[in-house]
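Here the structure comes first, spelled out in structure tokens, and everything after it is commentary.
Coordinate-derived values only; no laboratory data. As the structure is a computational prediction, the values presented were derived from the model and not from experiment. Neighbour counts are summed over all protein chains in view; Cβ atoms, including those assigned to glycine, are modelled from backbone coordinates with ideal geometry.
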Amino acid sequence: SLSKEKAILFYQSCMDTQQIESQGTQPLKDLLNQVGGWNITGIGRAKDFNKTLQTLMGKYNTFPFFRVYVGPSPSDSNINIIQIDHPEFEMPPENKFKEKKSYLEVTYQRLKQGKNSWHLLGGPQDVPPDSFSLTLSFISNLQRVVTPLQERRQRGMLFYRTTIRELQEKAPAIDWLLCLQAAFHPVPVNLSQPIAVHDMDYLQSMSRLIEQWQKERVLHIYMIVCLVGNLSPALDSRFQDARLELSKILHGKMESRVIPEERWRKCLSETSSFFEPVLGQMIVQEIFPEQNKKLAEQMFSEIQDALYGQLYQLEWMDEQTRLEAKVLVSRLQVEIGYPAHILQTAKVNVEYQNLEINQETFLLNVVACLKALRENSYQRLLQHRSEDNWKIFPWDVHSYYSLRHHMVVFPAGMFRSPFFNPEFPSAVNFGAIGVFMAHELLHTFYSYVLPGGCPTCNRSALQQAIDCLVKQYESYSMFGFKINGTFTLLENIADNGGLAIAYQAYKNWLKKHRQEKDLPKIGLSHDQLFY
Ligand SMILES: [Zn+2]
């Protein structure tokens, strides 16, 4: 398919390090020139500033002054809305420095040692020397107006509901409508658009700072630095080395954020972040054929039946709660293997139809993908398609229960050895993937064990059962630390109950399916294989 070819071409352009090295900084320089480069005329005009910012947000997925994303609304978690927060800063925050010298001085000295990085990361030779320290000073000013998370929580300002119109009044330095329209294109955005702001104080102070610094070229330099930082993973090895060096200077050797890895790993993870449905489809066809999915679904329904049966074994549960518990489970959205839409090749091709991937320049491919990824994901999130509730990749090896969507997810990556194989004795499959299935199902009952969670249940019998499990786990220790039985209670319930349910399901399964012969040479019974 077309999108598959694009994904492969993208991966190849990432692997072609010879080409990337030979092009050096040229692709970046060309790109920077399109946003005014380092030396622009007419700096200081608010219009130019907003125009550059708009380009950065819309075209390069770069957000220097604030972070924009789409997430669940604070009042109704089933609805996604636009959210704005302070940006993540590359520089360590001031309070990380215990030295008596000023933060700025320390950072400046450290950065000067890494002058190579600065120039490689795009810092020009001909910028007046004070622009550099002025830019640093601007960044540290920005960082200083971030409200600490704890304070925001205490003052109940973590979710401030507002509109673009109000934002424009409170933080006028940014042309919010134009910038957000650029960021969310092609999704329409208007002045009364509901928005959740996580740090309104920051946005107001940020706006004042931008107005104060408008005359300097500092704002522009800062934006370019952010853009280069965002794109540098796509540049030649000197940039990777420089980033590593800079990271060591800024965060110290131990805290270095950049870990060098094999090229193919890096390229694979870049390709999968941009082409998730395409790679998902390739993986599913390879490791999770239709007959495996069918078997997995049969096992799941056996587990579900065994769970219903086990509800009658619980002395503390009353009849009414049993019925409610069954309804709760029957209403679950069950996702086994992959989100359905990834196998709809035509639809996936549409998502990537405007994306152009070339053989020559990896940087341009990354830029094109950043834009396409942003457009696709915003469109999906703001349209609330239930098939997009997956928060993991189909190839991940990690199941979960989502409280928000009342959904259990078992990605295709789990349906492999040693957890699952259609050729394995069913004891092995039930003892592995079956236990995980039952584990996630039991998480839907989490509220019963919370204080006051099940008012009609026999609370004293329930409390006794809880105390027993807490006590059992408190007798274990891990890495020399005693386990906190209360803290891990919900997981322990799911583990223990899950094992019992999966075993029961296996016994029921045997009654319906043909008996399996003992495995020669292994010398274990099927029960032993299960455990
Ligand atoms: Zn769990």
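Among the cysteines of the chain, Cys179, Cys226, Cys369, Cys468 have no other cysteine beta carbon within less than 4.7 Å of their own.
Please tell me the relative contact order of the chain in percent, rounded to the nearest whole number, where contacts are Cα pairs under 8 Å and at least six residues apart. Relative contact order, the chain: 19 percent.
Highest average first, the peptides 27-36, 478-487, 53-62 ordered by how many other beta carbon atoms sit within 10 Å of their residues are 53-62, 27-36, 478-487.
Put in line by how crowded their Cβ is, counting other Cβ atoms within 10 Å and starting with the fewest, Arg208, Arg374, Arg331 read Arg331, Arg208, Arg374. Averaged over residues, the count of other Cβ atoms within 10 Å places the peptides 376-383, 507-514 in the sequence 376-383, 507-514, highest first. Using a ≥ b ≥ c from the Cα gyration tensor of the chain (square roots of the eigenvalues), is it rounded, prolate or oblate, where a/c under 1.5 gives rounded and otherwise the larger of a/b and b/c decides, a/b for prolate? Prolate.
Listed cross-link partners Lys51/Lys347; Lys293/Lys521; Lys170/Lys371; Lys293/Lys511; Lys294/Lys507; Lys266/Lys293 are compared with a 26 Å cut-off, the Cα-Cα value being larger for Lys51/Lys347; Lys293/Lys521; Lys170/Lys371; Lys266/Lys293.
Neighbour counting of Cβ atoms within 10 Å sorts the residues His405, His398, His220, His86, fewest neighbours leading, into His398, His405, His86, His220.
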